[in-house]
Amino acid sequence: MPSRIFSVPALRLALAVLPLLCAFLSANAYPAVANVYARTSVNLDGKWARIIDPYDNGYFDYRLKPFDASPNPTGGYFLDRHPRDKSDLVEYDFDTSPTLMVPGDWNSQDPKLFYYEGTVWYRRLFNAPSSAPGTRLFVYFGAVNYEADVYLNGHKLGKHVGGFTPFSYEVTGLLRPVGNSLIVRVNNARHRDAVPTVNTDWWNYGGITRDVLLVETPSTYISSFLVRLKPGTLDQVEVRVQLDGPRLRQRVSVSLPGLGLSQSAETGDDGAVTLEFPAAKLPLWSPEHPTLNEVVIASETDRTTDRIGFRSITTRGPDILLNGRPVFLRGVSMHEENPMRGGRAYSIEDDRLLLGWAKELGCNFVRLAHYPYNEAMARLADQMGIMVWEEVPVYWTIDWSNPGTLANARAQLTDLITRDQNRASAIVWSVANETPVSDARNRFLRELIHTARTLDGTRLVSAAMEQSADPKDSNHKIVDDPLSGDVDLVSFNEYVGWYVGLPDDILKTRWTVPPNKPVFVSEFGADALQGFHADRLTRFSEEYQADLYKKTLAMLSKIPNWRGTTPWILADFRSPRRPLPNIEDGWNRKGLIGQNGVKKEAFYVLQKFYARKAAEQAAKDGQ
Ligand code: GCU
């Protein structure tokens, strides 16, 4: 009988309370303001003063109380002090310190910070906007990797943990007319109990890696909303609205002006309301027809707009159904990195580069590995007609038995789903990647699957799961992950021909997979240095990679319920695990595109395969 550290209900209760407790402890903490780019805001991006602080000298008070974890009450950098007179000793000065650009990782901005893991202090001065009386103000961060301690005019607003999801703090009434000092202690050190944990195959880019905004809302505002097809229908719209503020009971209206649809209702005492209405002629979103509709949501005190695509995504036996019709996911995996800049991607230009390459490859799907991306990525995918797999960095050897680790993973998944729940392109929430099977890991991941299904029962839930080899026949692979019964897509990564044997072993390989669900291959691939040409058995040659793609696609096509793949990976990316001189030089070379933006031979192998799959799909759809 496995040892039960916690009963599942008790664990769920603890997990539900823990984030609320954290929020209470950082009094100003607020779930990130929803639909923030549709709101009036002051953009705080640009040059921020920075102080590199590897000993956390600006935070702890080591001199007076060694090994004391309490922040330094008089000397902390968060006080942004200046000498009172010529005799006053202050050993830091943001005004004369160098700067870093926000958004952006520090590693690719400053050679001194290329490998740096530790604390960097950021400071931005700004003046209070002239807001109407009663306006509420929130400071919003798109993401900070990995921990952020946030201070305004010397007062702590809160601490956020997790490198890839948005967060905000209310600052109403805390601003001075001029010279407000917003300071962030950013620390990207890796920790055993963190999410991700200490070992990953990607660069640990630190910094304020996405936008920082000072967002204005009315006193009672629309704090979140969900607009979608009513589950199980293709002609009914469901809208959930939540208000936040002193006047929670209000009349709320939802309209789709382009379709002549409108509906209104009163919120309850909790500020929430759900509206449903028929929408017979609703144009459905699909990769071929990525139709987005203007949606206007208004209360008596607030109004917000968004562009929403309506579609359904379900499975039926071995098929994935988009709007009720079988679809094959022609995908590719990626990292949130612009390979030509060799840094964390953060801008719409970076997003267009990556999704543009995917489109050129013939993709109708992308896997945003291994963590939540910037908000614009799913919005751009909505517009371009590319379906998206989004995931949290529950990657490899997570600290499965640590309730704080589970609360962290659950909070990141909750923030991702809350942020992107209105994106038609988002069709898969993934809770893990390549995690060794154990009872503790199964419990942990089942909690996350429960969270995803509770927050959003309308999308597919999956994970890159495990497989095993038949002890009697190494060419017989068995997808036997215990979670296969819990997920909608049976997804797994496989590297036959690269990490397991050579490409000629691929055609001898046969697969045993769960029969009545869609099978999805979330990774396969091989490294190739762009421009290195040799025979097909020479490692790191373009020929080896191309041959592996040809053989793998032929092998996977034999799996009767194979319904899609996201080969690893669109473009070369930085990784400290890849030191091979003159070949890797700190880069993972499995990209179909080199770090110089030049396509490799395997790109065209996959492009040709996808063109054929698209033609088959079009014929089936009678297009
Ligand atoms: C794993 C992992 C990736 C990694 C890849 C590789 O499947 O999911 O993050 O980069 O293998 O080894 O290249």
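The values are calculated or read from the model by the stated rules, or taken from the named source; none is laboratory data. Keep in mind that what you see is a predicted model, and the values were worked out from it rather than measured. Note that we place each Cβ from the backbone using ideal geometry, even for glycine, and neighbour counts take in every protein chain shown.
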Item to complete: Sort out which residues of the stretch 143-157 are more than 16 Å from the chain's Cα centre (by Cα) and β-branched (Val, Ile, Thr), and write them in order of number.
Response: VAL150
Item to complete: From the list PRO518, PRO503, PRO514, PRO482, pick out the single residue that is over 30 Å from ALA426 (Cβ atoms) and either free of Cβ contacts under 8 Å to residues at least 12 places away in the same chain or outside the structural domain of THR233 (by TED's automatic domain parsing) (or both).
Response: PRO503
Worksheet item: Do we find that VAL239 is more than 30 Å from ARG577 (Cβ to Cβ) and either buried (at least 23 other Cβ atoms within 10 Å of the Cβ) or among the hydrophobic types (A, V, I, L, M, F, W, C) (or both) in this structure?
Response: yes
Worksheet item: Counting only residues that are touching a helix residue (DSSP H, G or I) at 6+ places or on another chain (Cβ under 8 Å) and farther than 11 Å from MET334 by Cβ, which one in the stretch 372-385 is nearest to the ligand (Cβ to nearest atom)?
Response: PRO372
Item to complete: From (1) assigned by TED's automatic domain parsing to the domain that holds GLY76; (2) aliphatic (A, V, I, L, M); (3) under 29 Å from the mean Cα position of the chain (by Cα), pick out the condition that doesn't hold for VAL178.
Response: (3)
Worksheet item: If ALA10 passes every condition in (1) closer than 30 Å to GLU447 by Cβ; (2) modelled with pLDDT of 95 or more but one, which one does it miss?
Response: (2)
Worksheet item: Do any residues in the stretch 430-443 that are within 11 Å of the ligand (Cβ to nearest atom) have Cβ atoms under 6 Å from those of residues that are in a helix (DSSP H, G or I), where the two are at least six apart or on different chains, and which pairs are they?
Response: ALA432/LEU445; THR435/ARG441
Discussion item. Just to be sure I understand, how many residues within the stretch 595-616 are touching a Lys or Arg at 6+ places or on another chain (Cβ under 8 Å) and under 18 Å from ASN338 (Cα atoms)?
Written reply: 0
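Results for (1) away from the ligand (no atom under 16 Å from the Cβ); (2) assigned to a helix (DSSP H, G or I); (3) in contact (Cβ under 8 Å) with a residue 24 or more places away in the chain, shown as yes or no for each residue.
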| residue | (1), (2), (3) |
| --- | --- |
| SER462 | no, no, yes |
| TRP498 | no, no, yes |
| LYS508 | yes, no, yes |
| ARG536 | yes, no, yes |
| TYR544 | no, yes, yes |
| ARG563 | yes, no, yes |
Worksheet item: When the stretch 386-401 is examined, which residues are found to be of a type outside the set (A, V, I, L, M, F, W, C) and more than 16 Å from the ligand (Cβ to nearest atom)?
Response: ASP399, SER401
Worksheet item: Of all residues in the stretch 172-211 being buried (at least 23 other Cβ atoms within 10 Å of the Cβ), in a loop (DSSP other than H, G, I, E, B) and among the β-branched types (Val, Ile, Thr), which is nearest to the ligand (Cβ to nearest atom)?
Response: VAL195
Item to complete: Kindly indicate whether any position in the stretch 207-230 is without any contact (Cβ under 8 Å) to a residue 24 or more places away in the chain and over 24 Å from the mean Cα position of the chain (by Cα).
Response: no
Worksheet item: Can you tell me how many residues in the stretch 445-458 are under 22 Å from SER312 (Cβ atoms) and surrounded by 23 or more Cβ atoms within 10 Å (Cβ to Cβ)?
Response: 2
Worksheet item: When residues of the stretch 199-222 are filtered for being among the charged types (D, E, K, R) and touching a Lys or Arg at 6+ places or on another chain (Cβ under 7 Å), how many remain?
Response: 2
